[in-house]
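A.B. asks: Before we start, here is the structure in question, set down as structure tokens.
The values are calculated or read from the model by the stated rules, or taken from the named source; none is laboratory data. Values in this document were obtained by computation on a predicted structure and should not be read as measured data. Glycine also receives a Cβ, built like all others from the backbone with ideal geometry; neighbour counts cover every protein chain displayed.
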Amino acid sequence: MLLSFPLAASFAQTGQPYIHDPSTIAYCGDKYYTFGTGGGGLISADGWTWHSGAVRPGGGAAPDVMKIGDRYLVIYGATGGGLGGGHNGRILTMWNKTLDPSSPDFKFSEPIEVAASDGIEDNDAIDPGLLLDPTTGRLWVCYGTYFGNIRLIELNPNTGERVQGNEPIDIAIDCEATDLIYRDGWYYLLGTHGTCCDGVNSTYNIIVGRSRNVTGPYIDNIGRPMLQGGGRMVLAAGDRLIGPGHFGRTIIDEGVEVMSCHYEADLDQSGRSVLGLRPLLWKNGWPIAGARFKGGTFEIESERRGYALELAVDFVRMKQEREHFWNIDATKPVTSIPLQTLDEVTALWPEGDIALRIGDYMMRPHQRWTITPVPNAGGTLTGPYYKILIEGTSRALAATAGLELTTVESFTGNDEQLWRIEQLTDGTYRIMPKRIPGQKGLNTQYVLYSIADSTPTLAKYDFNTDNSKWNLRAH
């Protein structure tokens, strides 16, 4: 059985990831940024541990941010949403060369109003989301709340101003905090459905519809228009995390995507609103939130052939009182045969490093791997770093300077023994060492790779070959 793993609080973002209505994650210099309602935001050096410190003037609510050329465009709502001025809302844009508040280049331009609502019309100008269409270069903004329709307008990507003469288009109802993304010929409108801002009693969840045209109509998986309240579920509450809302998408690599959101309440963090990051998977052309990998004991199975990663040791036969299948005595009691134990095989294993191979999975000790997050070892946008040990031992999987694999007798915490495990958009996993011995910087290219049916190695990641992909199966 291929397992999916729920997100637990101990595997959520560390530090102080407290935020509401986070913008899409932006990368600037060597740090990650996200902005939230109220004017501030979060910064992370690695994508895993987050702290306050991002700066955004203007206050207001529900910003979004996008890098266009060598500048960052920030958009946000001033009032609206019933905040202060009721439903009299304004959407504003501003630019900055950098998101780093310590940089001498950090200076936001004067905000420009691009949309407004008067509190009476059938729209509320708040909660903007940006899309720079990769097929046309045109810049679009969706915005609105339950107070009326979700609307779409076009901006000039060079100035951040509203395109002259552009009229808003209604594209959805019964949602808020919308965002637009494009993939494989489809435009996707992600919206937040349910009730907001009620802590542990919030019913927020994230839904989606899609269209071949950016202007719609946006239709869900059973043909309901979003202008009639349709929407397919992307992420709902679960695992002590309540009220996911305010979708954002970050592409890390081909086939490696992350969705960001906030949870209205984390039950393990005083019910506070926190940043959430999940793998973003694609199933039959629809986005769906994957689950944070939590670790456990697994067969590490190659997608290439279905064989298992194992120690290159002698195969030890299990004892069994055999009955010929053509002459079974059904009057004899049925007994349970225990799995082979470490004590039955480790005396035959060599000392020191042991090489690896790939072979038929037989539920044997040399094929069972325990994967555990390593505290204080850091992480990435996709999760913490893990250690990968033969079950019941301290023998650890490690990368070598020659871009090969080995297992060492004891886990020491060295970077070549730390592993980045990321669920890909098709549901499989890529497994990467944090560092390659002798190479500078963090490893961002080399993955566990099945170079042949029986030969594991390290090679450059390629989403388009099953050699780069693995399944983690519990038996």
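A.B. asks: Can you name the condition, by its number, that Gly238 falls short on among (1) touching a strand residue (DSSP E or B) at 6+ places or on another chain (Cβ under 6 Å); (2) closer than 25 Å to Gly285 by Cα?
C.D. replies: (1)
A.B. asks: Quick one: would you say Glu254 is outside the structural domain of Leu180 (by TED's automatic domain parsing) and either under 16 Å from the mean Cα position of the chain (by Cα) or closer than 24 Å to Trp419 by Cα (or both)?
C.D. replies: no
A.B. asks: Checking Gly59 against (1) surrounded by fewer than 22 Cβ atoms within 10 Å (Cβ to Cβ); (2) in contact (Cβ under 8 Å) with a residue 40 or more places away in the chain; (3) touching a Phe, Trp or Tyr at 6+ places or on another chain (Cβ under 9 Å); (4) in a loop (DSSP other than H, G, I, E, B), only one condition comes out false. Which one?
C.D. replies: Every listed condition holds for Gly59 apart from (2).
A.B. asks: Let me ask you something else. Given (1) of a type outside the set (Lys, Arg); (2) under 31 Å from the mean Cα position of the chain (by Cα); (3) over 18 Å from Val214 (Cβ atoms); (4) buried (at least 16 other Cβ atoms within 10 Å of the Cβ), identify the lone condition not met by Ser103.
C.D. replies: In the conditions (1) of a type outside the set (Lys, Arg); (2) under 31 Å from the mean Cα position of the chain (by Cα); (3) over 18 Å from Val214 (Cβ atoms); (4) buried (at least 16 other Cβ atoms within 10 Å of the Cβ), Ser103 misses (4) alone.
A.B. asks: Given Ala265, Ala291, which one is under 10 Å from the mean Cα position of the chain (by Cα), of a type in the set (Gly, Ala, Ser) and more than 24 Å from Val65 (Cβ to Cβ)?
C.D. replies: From the options Ala265, Ala291, the qualifying one is Ala291.
A.B. asks: Sticking with this structure for a sec: Go through the residues of region 253-265 one by one and say whether even a single one is over 26 Å from Leu152 (Cβ atoms), modelled with pLDDT of 95 or more and among the aromatic types (Phe, Trp, Tyr).
C.D. replies: yes
A.B. asks: So in region 436-471, with the set limited to residues that are in a strand (DSSP E or B) and among the aromatic types (Phe, Trp, Tyr), which one is surrounded by the most Cβ atoms within 10 Å (Cβ to Cβ)?
C.D. replies: Trp470
A.B. asks: Pull out all pairs, ordered by first then second residue, where Cβ-Cβ is under 7 Å, the residues are six or more apart or on different chains, the first lies in region 204-230 and is in the same structural domain as His262 (by TED's automatic domain parsing), and the second is acidic (Asp, Glu) and outside any loop (DSSP other than H, G, I, E, B).
C.D. replies: Tyr204/Glu264; Leu227/Asp170
A.B. asks: Applying the selection to region 38-56, what residues are within 30 Å of Asp118 (Cα to Cα) and in a strand (DSSP E or B)? So that I can check it myself, show each step before the final result.
C.D. replies: Here is the first cut: in region 38-56, the residues within 30 Å of Asp118 (Cα to Cα) are 38-41, 55-56.
Within region 38-56, Gly40, Gly41, Val55 qualify.
A.B. asks: Which of the residues that make up region 303-356 are in contact with a helix residue (DSSP H, G or I) (Cβ under 7 Å, 6 or more places away or on another chain) and not β-branched (Val, Ile, Thr)?
C.D. replies: Hits for region 303-356 are Glu303, Arg304, Ala308, Glu310, Leu311, Asp314, Gln340, Leu342.
A.B. asks: Can you tell me how many residues in region 167-202 are crowded, with 24+ Cβ neighbours inside 10 Å and either aliphatic (A, V, I, L, M) or in contact with a Pro (Cβ under 7 Å, 6 or more places away or on another chain) (or both)?
C.D. replies: Looking only at region 167-202, we keep the residues that are crowded, with 24+ Cβ neighbours inside 10 Å, and these are 171-172, 175-179, 189-192.
Narrowing further to those that are either aliphatic (A, V, I, L, M) or in contact with a Pro (Cβ under 7 Å, 6 or more places away or on another chain) (or both): 171-172, 177, 189-190.
Number of matching residues: 5.
A.B. asks: Please work out which residue is surrounded by the fewest Cβ atoms within 10 Å (Cβ to Cβ), limiting yourself to region 412-435 and to residues that are touching a helix residue (DSSP H, G or I) at 6+ places or on another chain (Cβ under 9 Å) and either outside any strand (DSSP E or B) or on the phi > 0 side of the Ramachandran plot (or both).
C.D. replies: Looking at residues that are touching a helix residue (DSSP H, G or I) at 6+ places or on another chain (Cβ under 9 Å) and either outside any strand (DSSP E or B) or on the phi > 0 side of the Ramachandran plot (or both), I get Arg435.
A.B. asks: Determine if region 320-328 includes at least one residue that is out of contact with any strand residue (DSSP E or B) (no Cβ under 7 Å at 6 or more places or on another chain), modelled with pLDDT of 95 or more and aromatic (Phe, Trp, Tyr).
C.D. replies: no
A.B. asks: For region 121-166, which residues satisfy the criterion of being of a type in the set (Val, Ile, Thr) and buried (at least 21 other Cβ atoms within 10 Å of the Cβ)?
C.D. replies: Ile126, Val141, Thr145, Ile150
A.B. asks: Related question: When only residues in region 354-401 that are among the small types (Gly, Ala, Ser) and surrounded by fewer than 22 Cβ atoms within 10 Å (Cβ to Cβ) count, which is nearest to Ser44 (Cα to Cα)?
C.D. replies: Of everything passing the filter in region 354-401, Gly378 is nearest to Ser44 (Cα to Cα).
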